[in-house]
Amino acid sequence: MKRVFALLVMLPALTVQAQVKVAGNITDGRGKSVAGVSITLKNTYDGSTSDSLGNFSFSTSEKGKHILETSIIGFRPLEQELEIGTSDIRLNIAMKELITELKAVVISAGSFVASDKSKGAVLSALDIVTTPSANGDVTSAFKSLPGTQQVGESEGLFVRGGSATESKIYMDGNLVNNFFYSSTPGIATRGRFNPFLFKGTVFSSGGYSALYGQALSSALILETIDLPERTQADLGVSVIGIGGGIQKLSKDKKSSWGISYNYANLWLGFAINKQKQDFYQIPVYHQGDANLRFRTKSGGMIKYYGYISTNKVGFRDADIDSVVLKNAFALENLNTYQNINWRENLGSAWKMTTGVSYSTNKDDITNELQDANNQKQTITNPSFYAFKNFKLKNKAQYAQARFVLEKKLGGLNAIRFGSDYFYSEEKSTYTLYDGSQFSESVTDNMNSVFAETDVFITNNLAAKIGGRLEHSQLLAKWNIAPRVSVAYKFRDNSQASFAYGLFYQNPERKYLPSVAGLDFSRAAHYILQYQKMNNGRILRVEAFYKKYTDLYKTASSVTGREVATNNNGFGHAQGLELFFRDKKTFKDVDYWISYSYLDTKRDFLNYPQAITPSFAANHTAALVVKKFITSWKTQFNLSYNFATGRPYYHFAYDNAQGKYVIGDAGKTINYNSMSFSVNYLPGIGKKNPKAFVVWVLGINNVLGQDQVFSYNYNNAGTRKEAVTPPSKRFIFIGCFMSFGIDRTQDAINNNL
Amino acid sequence: MKKLFLMVAIASFTTAAFAQSEKYMAAMKSNINAIDTSFKNPQNLLTLANQFERIGNAEKTQWLPFYYAALCQVNYTYMEQDKSKIDGIADKATELIDKADALQPKNSEISCIKSMIASAHMMVDPMTRFMEYGMESQTFIDDAMQQDPTNPRPEYLKGQGLKYTPEQFGGGCGTAKPVLQSSLDKYGVFKPASELHPNWGRERTEMLIGECK
C-alpha cells in the first residue's frame with residue numbers, strides 16, 4: 001500500500017526526468033531560414049521560438065502521439081503528428097509563405113493611389129487639399145504628378161499626349177459626366193465636387209483596369225467615404241463665397257446623413273484679383289448636396305449621394321478680328337447628379353458591388369459681338385463675323401447601372417466580373433445670327449461586360465489579367481479590350497511592373513451627329529515601371545509608349561459645325577517619367593518632385609498632318625514642399641510647376657488644295673508658376689474648443705511670372721493674341737470651421 | 001481494494017488537477033516576471049508572447065495568457081524600427097486580445113491593450129492616421145476608465161500619450177502631470193485580483209512624473 005502511494009507521488013517526478021528534446025530548423029521552403037516562428041506541442045505549454053538562424057529546441061515530458069504546430073505571421077500555419085518516445089527528435093520544417101497584402105507586390109504600373117489606408121499609396125487624402133497649386137480642386141492635385149500637362153486655358157487632365165476628353169472620371173465605379181463646371185473660353189473651370197467627399201483616389205495615367213472603359217488615356221477613380229468619423233457641423237467663409245453643412249452619425253455608428261450648401265460669388269475675389277476679362281456677370285454658384293449612408297448587417301455599405309448646382313457667368317473680351325468690337329460670352333448651367341451604391345458581402349468570399357447613377361446637365365450659352373458701348377452688333381451678311389452671334393442650348397441626361405461580382409480565391413487571388421449599361425441622351429439647339437435654328441439629338445446605349453482576375457503566384461510575382469467587351473448602339477460596333485499587368489518584387493523590396501492594354505472611346509458629343517460607319521477610336525498602352533518605397537521615401541520611374549489608331553477626323557458641315565467624318569486619325573506618344581517623394585530626410589518636411597518627358601505627335605480632328613498637339617509640352621516638372629511648424633500651429637505649402645513651351649498653330653483653309661494647311665506655328669514661352677499656401681490651425685491643443693478653425697491663405701503665381709498658354713488667331717491668320725490667365729495672381733483667403741469635435745458634439749447630438 | 005482503487009483514482013485525479021493549476025501558476029509567474037527584463041532585447045518579447053499564447057491555447061478558459069501575449073506583442077511594436085512591420089504585429093496582438101476579450105468581456109485591462117494597439121497603428125504614420133487611430137485609442141482609454149475607475153493603467157496610458165504630444169497640440173508635461181499623478185495615486189491603492197493579474201506600469205508612471213519635475 002505504501003509502495004503504491006510512493007509510486008503515485010513519485011510519478012510526476014519520474015516523468016520530469018524522462019524528458020525528450022525536440023529540436024530542429026525552420027526554412028521558408030526555398031532554403032531561407034525563418035526566425036520568430038512559434039513551435040508548439042498542441043494543448044501543452046511546451047514549445048519554442050526559432051532564432052535568427054531558424055533553429056529551435058525544447059524539452060518535453062509528454063509521451064505518445066502529439067501534434068506539433070508551427071506558426072508565424074505571414075506563413076501558412078502547419079500541424080504535424082509527432083510520436084514522442086524516449087529518444088530525442090530532430091525536425092526540419094519547411095513553411096509556406098502566405099500571400100498577404102502586407103508582403104505582396106503591388107501592381108502599380110500607370111497608377112497613383114491617394115489614400116490613407118491602401119498600401120502603395122503615393123499621396124494621402126489630405127495631400128489633395130494641401131497642394132497649393134491645386135486650390136482645393138480634386139483633379140488639380142494630380143497635375144503635380146508625372147504624366148500630366150500644365151494646361152491652364154481649359155479644365156481636365158491632359159495625360160501623356162492625350163486630350164482632356166481622353167481622361168474619364170468615375171465615382172464609386174460610375175462614370176461622372178460634367179465632372180467640371182461647364183467650359184468657358186480661355187478660362188479653366190473647377191471640378192464640381194468637394195475633395196473631402198472622397199477617401200481614396202486612383203489616378204491612372206495609363207494601363208488601367210478592365211472594370212473601366214471609354215477613356216483613351218487616363219482614368220481617375222474616386223471612392224467616396226463610408227461613414228463620417230463623428231457628427232459635426234461645418235461653416236466656411238472665403239473670398240469666393242460661403243458654405244455650410246452638417247454630418248450626423250447615428251448613435252450606433254451604423255448610419256449617417258449629411259447635407260451641405262455652398263454659395264459662391266466671385267465679386268470679392270475679383271475685386272482683390274483684377275481680371276483681364278470684363279465680367280458683366282460675376283460668376284455666381286449655388287450648390288447643394290445630400291448623402292445617406294448605411295452599414296448593412298454583413299458589413300456592406302449602402303450609400304446615396306445627390307448633388308444639384310446652378311451657376312452663371314458672363315464676360316466680354318476684345319474681339320480678335322476687329323479693333324473696336326468685343327466678344328461677349330454668357331453661360332448658365334444647371335446640373336444634377338444622383339448616385340446609389342451598394343456593396344455587400346454575400347458570404348463564401350463573394351462580394352457584390354452595384355450602383356445606379358443618374359445625372360442631368362443643361363447649358364444656355366449666348367455669344368454676342370458688341371460695340372464699345374456694349375451693344376449687340378447684328379451682322380446679316382453670312383460672313384465669319386456673322387457666326388459670332390449665336391445661342392446654344394444643350395440638354396443632356398445620363399443614366400448608368402453597374403454590377404460587379406468578386407470572389408476571393410484564397411490569398412490575394414480574386415476574380416471579378418460584371419457588366420455596365422450606360423445611357424446618354426444629348427440634345428442641342430443652335431440658333432444662328434439670322435434666327436435660324438438647328439436642333440440635334442444624339443442618344444447612345446453602351447453595354448459592356450468585363451472580367452478580371454488577380455493572380456498572385458508568390459508574394460513577389462503577381463498579375464492582373466482582364467478583358468472588356470463593349471457595344472455602342474450609336475456606332476453599331478463592338479470592341480474588345482484586353483488588359484494585362486504584371487508586377488515583380490525584388491529582394492530589396494523594390495519592384496518592377498509592366499502593363500499593356502487596349503482602350504476604346506466614342507466620339508465627343510460636340511462632333512456628333514455624324515456620318516454613319518464611324519468606329520471607336522483606339523489606343524494601345526505599353527508601360528514599364530520601377531518603384532522603390534521604404535520608410536518615408538518613394539522613388540518611381542516609368543517609361544511608356546502609346547499608339548493611337550482610328551482617331552476621329554473632322555470637317556465642316558453645312559451649318560459651319562465641325563463634325564466627325566472618319567477614323568483616319570492616328571498618333572503616338574512616348575516618354576519617361578520620374579517621381580520622388582521624401583518625408584524623411586528633412587525633419588517635418590515632406591516634398592515631392594515629378595518630371596515628365598513627352599514625345600508625341602498625332603493627326604486628328606482638323607489637323608492637316610501629324611503634329612505635336614498644342615496641349616503637349618516636351619518637359620514638365622513639379623515640386624511640392626510641405627512643412628508643419630508645430631510651435632506656430634501652421635502648415636506651409638509651396639509648389640512650383642514648370643513646363644517647356646507648347647506648340648501653337650493656325651490652321652488655314654487652302655481653297656486650291658481643298659483642305660487645311662498650317663498657316664502659322666510657333667511655341668509659347670516656358671511655363672513657370674509658384675504657388676504658396678498657409679494653413680493656420682489655432683484650435684490645435686485647445687481644451688474642449690467650441691469650434692475647430694482652419695485659416696487658409698493661398699497665392700497662385702506668387703512671383704507674377706508671365707504665363708502664355710497658347711495663341712488665338714484672327715480669321716485671316718494675320719494676327720495672334722496670347723491666351724493668358726485671367727489674372728496674374730490669385731489670392732485666396734478663407735476660414736473654415738467645424739463644430740462638434742469635443743464637448744460640443746454632445747450639444748449637437750442632443751439638438752438633432 | 002476497490003475502495004483503495006477509488007481513493008487512488010480520486011487522489012491522482014485531484015493531484016493531477018492541482019498539478020495542472022500549479023503548473024499554470026508557475027509558468028505564468030515565471031513568464032510574467034520575464035516581461036520586464038525582455039525590454040532590453042525586444043526579440044525576447046516575441047518569444048514570451050509565443051509562450052503566453054501556448055499557455056492560453058492549452059488552458060482554453062484563461063484570459064490572462066492571451067492578455068499577456070497581446071501585451072508582449074504590442075510592446076514589441078513600440079520597439080520595432082521598421083515601420084512597415086508594425087501593422088502586421090499589431091494585427092497579431094488584436095487577434096490575441098480578441099481571444100482574451102471573448103473569455104472576459106468588458107474588462108478594463110483588455111480595453112487598455114486595445115488602446116495601445118490603436119496607438120501602435122497610429123505611429124506608423126501619425127500625420128495621416130491620427131484622425132482614425134488617435135480617436136480609437138482615446139475611445140478605448142475612456143472605456144477602460146469606465147469599466148474600472150480604480151484601474152491606474154488607463155490614466156497612465158493617457159498621461160504618457162499627453163506627455164509625448166507637443167505642447168502646441170495640447171500635450172506636454174503641463175497637461176500630462178495631473179493625469180499621471182492621479183494614476184500614481186491609484187497605483188498606491190490598487191490591488192490586483194491575484195498575483196497573475198495585471199500589475200504593471202507604476203515604475204514608468206513614476207519615471208514620467210520624474211521627467212516632468
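Can you give the FRET efficiency to the nearest 0.05 for residue A:610 and residue B:106, using r as the Cβ-Cβ distance and R₀ = 51 Å?
The calculated FRET efficiency here is 0.10.
Got a sec? Charge dipole of chain B, +1 on Cβ for Lys and Arg, -1 for Asp and Glu; which of B:151, B:58, B:76 is way out at the positive end?
With unit charges placed on the Cβ atoms, the residue in question is B:58.
Considering the dipole of the protein assembly as shown built from charges on the beta carbon (Lys and Arg +1, Asp and Glu -1) around the Cα centre, which of A:557, A:214, A:56 is farthest to its positive end?
In the protein assembly as shown, that residue is A:56.
Can you figure out the FRET efficiency of residue A:242 with residue A:729, using R₀ = 22 Å and their beta-carbon distance, to the nearest 0.05? Please report the intermediate quantities before stating the final value.
Details: r = 23 Å, r/R0 = 1.04.
My answer for the efficiency is 0.45.
In 10 Å bins starting at zero, report the fraction of Cα pairs in the protein assembly as shown per bin as a rounded %.
Result returned by the calculation: 2, 9, 17, 21, 18, 12, 8, 6, 3, 2, 1, 0, 0, 0.
What's the whole-number percent of alpha carbon pairs in chain B lying beyond 30 angstrom?
So the portion of pairs separated by more than 30 Å is 27 percent.
Lone cysteines in the protein assembly as shown, going by a 4.7 Å Cβ-Cβ cut-off?
A:735, B:72, B:112
In which sequence would B:112, B:212 go, from the one with the fewest C-beta neighbours within 10 Å to the one with the most?
Least to most surrounded, the residues fall as B:212, B:112.
To the nearest Å, what is the center-to-center distance of segment A:44-80 and segment A:482-549, using C-alpha atoms only?
If you average the Cα positions of each part, the centres end up 47 Å apart.
Are any of the pairs A:393/A:427; A:312/A:395; A:276/A:362; B:92/B:114; A:103/B:83; A:407/B:99 more than 19 Å apart by Cα-Cα distance, and if so, which?
From A:393/A:427; A:312/A:395; A:276/A:362; B:92/B:114; A:103/B:83; A:407/B:99, over 19 Å: A:276/A:362; A:407/B:99.
Counting other beta carbons within 10 Å of each Cβ, put B:121, A:525, A:572 in order, fewest first.
Sorted ascending by nearby Cβ count, the order is A:572, B:121, A:525.
Charges at C-beta only: +1 for Lys and Arg, -1 for Asp and Glu. How large is the resulting dipole of the protein assembly as shown about its Cα centre, in Debye rounded to 20?
1180
Defining a contact as two alpha carbons under 8 Å apart and six or more residues distant in sequence, what relative contact order in percent does chain B show?
13
Using only Cα atoms, locate the centre of segment A:586-629 and the centre of segment A:665-737, then give the distance between them in Å, rounded to an integer.
One Cα centre to the other: 18 Å.
Hey, if you put +1 on the Cβ of every Lys and Arg and -1 on every Asp and Glu Cβ in chain A, which of A:655, A:732, A:534 ends up farthest toward the positive end of that dipole?
Towards the positive end, the residue furthest out is A:534.
Where does each of A:395, B:60, B:158 land when they are ranked from fewest to most other beta-carbon atoms within 10 angstrom?
Numbers: A:395 16, B:60 10, B:158 23.
Taking fewest neighbouring Cβ atoms as first place, the list is B:60, A:395, B:158.
What FRET efficiency would be calculated for the residue pair residue A:443, residue A:419, taking the C-beta separation as r and a Förster radius of 30 Å, to the nearest 0.05?
Once the sixth-power term is evaluated, E becomes 0.95.
Let me spell out the model: positive unit charges on the Cβ of Lys and Arg, negative unit charges on the Cβ of Asp and Glu, origin at the Cα centre of segment A:15-94. What dipole size does that give, in debye rounded to 20?
Dipole about the Cα centre, nearest 20: 140 debye.
I'd like the antiparallel share, as a percent to the nearest 5, of DSSP beta bridges with both residues in the protein assembly as shown.
Approximately 95 percent, going by the DSSP bridge assignments.
Shape of segment B:33-123 from its Cα gyration tensor (a ≥ b ≥ c, root eigenvalues): rounded if a/c is under 1.5, otherwise prolate when a/b > b/c, or oblate?
Because a/c hits 1.5 or more and a/b fails to exceed b/c, segment B:33-123 counts as oblate.
What residues from segment A:388-402 fall in the zone where the backbone N is under 16 Å from a label point 7 Å along the Cα-to-C-beta line of residue A:436?
A:388-391
Taking Cα centroids, how far is segment A:256-294 from segment A:353-415 in Å?
Cα centroid of segment A:256-294 versus Cα centroid of segment A:353-415: 19 Å apart.
Counting helices only, and only those DSSP H runs with n ≥ 4, report the 222 nm mean residue ellipticity of chain B as the sum of -39,500 (n - 2.57) divided by its residues, in deg cm²/dmol to the nearest 500.
Value at 222 nm, helices only: -25000 deg cm²/dmol.
No lab work stands behind these numbers, since they all come straight from the coordinates. Just so it is clear, the model here is predicted, and its values are computed rather than measured. A quick note on method: Cβ atoms are made from the backbone with ideal geometry, for glycine too, and the neighbour counts reach across all protein chains shown.
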